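Worksheet: the structure to be examined is printed underneath.
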Amino acid sequence: MTREVVTAGLPPAPPTPSAVQPSDSPPTVWVAGTLVRVGSGSILLREAAGPEVAMQRLAEGATAFYRIAGDSWQALPRDAAVSAGTRACVQTLMAGGRLLALRVFLGAGCGPA
């Protein structure tokens, strides 16, 4: 299912590089909620219904964080502090039963495209 970052009055998420994915590639999963913990190797998020979702961060700071700046999304520096309690929409890959966090949109929810 295709999803996009949605929050009233905010611009659309930065585009994902377009590429044809092979049918055996891991599916993209969007997770929305409130950040519980953001560590150097993992992210823990609590969904609105209450369950906590653990995600792994990509190596070497490759998981990108974005915050709204004016009328567009701005990538945060790799060493930027991200606080627990922040609402977020996370684009992940499901790989071997694990969620790998690709992009984290702070202050946004996720919804159907």
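Just to be sure, is Phe105 surrounded by 15 or more Cβ atoms within 10 Å (Cβ to Cβ) and touching a Phe, Trp or Tyr at 6+ places or on another chain (Cβ under 7 Å)? Spelling it out, Phe105 is indeed surrounded by 15 or more Cβ atoms within 10 Å (Cβ to Cβ) and touching a Phe, Trp or Tyr at 6+ places or on another chain (Cβ under 7 Å). Cβ separations smaller than 8 Å between residues 6+ apart or across chains give the following pairs from the stretch 83-95 residues that are more than 12 Å from Leu45 (Cα to Cα) to residues that are crowded, with 24+ Cβ neighbours inside 10 Å and of a type in the set (Val, Ile, Thr): Gln91/Val104.
We did not get these values from a lab; they are worked out from the coordinates using the rules stated. Bear in mind the structure is a predicted one, so any value in this text is a computation, not a measurement. A quick note on method: Cβ atoms are made from the backbone with ideal geometry, for glycine too, and the neighbour counts reach across all protein chains shown.
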